[in-house]
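Report on the following structure.
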Amino acid sequence: MSHMFIPGPVDVDPDVLAAQATPMIPHRSDEFNEFFRGTEAKLKKIFMTENRVFQPPATGSGMQEAGVRNLAQRDVLSCVNGAFSERWYQVAVTNGKQADRLDAPWGDIIPPDKLADALKKKAYEAVTIVHNETSTGVENPLKELAAVVHEVSPDTLVLVDAVSSLGGVKIETDAWGVDFILTSSQKCLALPPGMSFAAVTDRSLKKAETVENRGWYFDLLRLEKHRIKNSTPMTPAVSLIWALNAELDKILAEGLETRFTRHAAMAERVQSWALEHGMEPLAPEGYRSKTVSTIKNDRGMDIGALNKFLLSKGMRIANGYGDLKNKTFRIAHMGETQMHHVDELLAAFETFLEKM
Ligand code: PLP
């Protein structure tokens, strides 16, 4: 078996990879527009939204930039409990926003009551939340956090990064009142990197109308003007869109509920296996990611040696992120990864542990 258990890019199924080899067509053509309309319709199901879904060529970080740049003139509250929520804060600051931080230790969730307190102290135009912190393996309680924002500060927009969870975990975008939610192609959607997707509410676009210096590339109003015509202002990533269509059909054929259950089952398998082998997940129980398990290196393994061993069997996992390197390791179980892949990985891991 050859399989990667790193949190993106993940393995892409051969038929989806092959779809990219479909010949180019002009992106300003009825044929392309019809195709693009189709991928948006399928994406809406996965985003659980009736709102628009943008599909520009970019990565998730680009969409983080689009969010803060369009949806706040000045005041942003960034919830920070890991590397990618830290990045979103930095994106806000470097785009000239007045961003305040609500910090929680890496490995913890953003507590809803702390978010309520912060929102009572100042009127923010937008709050940024990373749903699934890929660095720590923590799933933030998004439904509760969004509900707090709506209750305490109804005019504040809820901006969510679901880069490592959307398509693998149920996120009820409309029902929970999420105004802007972004993801990247290379994680739970099991595509090559290079595309990003974001579902955006009408009230977000109304807000964007009042915001100056939205830029050009990520101007949501410009994207919307073209989306209505089933197109993008820039040249779309045509080959990736062929792959996207193939993968979206696969996801919808599996069924969303089945897909979410599969991800949860793989997480449960990895995390209980780790506990049985004397290694604890970093995240508290109840908030452990269903797509990437971040496990404490309680047995003092040489993670490099572990990966070398796994690589000899065609597999690889990820070391911890940033300061968590060697203190933790990460096993991703997302996209088209199946339970039999996980079983093979854990069997090889056990062999490594026995040899230690
Ligand atoms: N947000 C999260 C939660 C991520 O895990 C990542 C990448 O791993 C990013 C944002 C950045 O996404 P991209 O590399 O697609 O820009």
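At a glance:
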| read-out | value |
| --- | --- |
| Among 345-351, 1-7, 128-134, 49-55, the order from most to least packed when residues are scored by Cβ within 10 Å on average | 128-134, 49-55, 1-7, 345-351 |
| Violating pairs (Cα-Cα greater than 20 angstrom) within the set K170/K327; K97/K207; K187/K207 | K170/K327; K187/K207 |
| In sequence order, calculated HN-Hα J values of region 263-278 (Karplus, 6.51, -1.76, 1.60; Hz; x Gly/Pro) | 4, 4, 5, 5, 4, 4, 4, 5, 6, 6, 4, 4, 4, 4, 9, x |
| Listed residues F180, F35 arranged by accessible area, highest first, probe 1.4 Å | F35, F180 |
| Relative contact order (%) - criterion: Cα under 8 Å, at least six apart; region: region 73-185 | 25 |
| 13 Å beta-carbon shell around E65, net charge (K/R +1, D/E -1) | +2 |
| Accessible surface, 1.4 Å probe, highest first, among residues W176, W273 | W176, W273 |
| Accessible area expressed per residue, the chain, with surrounding protein chains retained (probe 1.4 Å, Å²) | 39 |
| Anchor K325: aspartates and glutamates whose Cα lies under 16 Å away (excluding residues fewer than 8 positions away in-chain) | E133, E280, D298, D302 |
| Per principal axis, descending, Cα span of region 15-252 in whole Å | 54, 36, 30 |
| Distant alpha-carbon pairs in region 91-194 (separation over 22 angstrom), percent | 31 |
| DSSP-defined beta bridges in region 15-252 - what % are antiparallel, rounded to 5 | 40 |
| Surface share of carbon and sulfur [accessible, 1.4 angstrom probe, percent] for the chain | 52 |
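The values are calculated or read from the model by the stated rules, or taken from the named source; none is laboratory data. On a predicted model such as this, the values are computed, not experimentally measured, just so you know. Reconstructed Cβ throughout: ideal geometry from the backbone, glycine too, with neighbour counts over all protein chains shown. When the accessible area is computed, the model is the full protein with side chains, heavy atoms only, and any ligands, DNA or RNA have been set aside. Shrake-Rupley method; radii C 1.70, N 1.55, O 1.52, S 1.80 Å.
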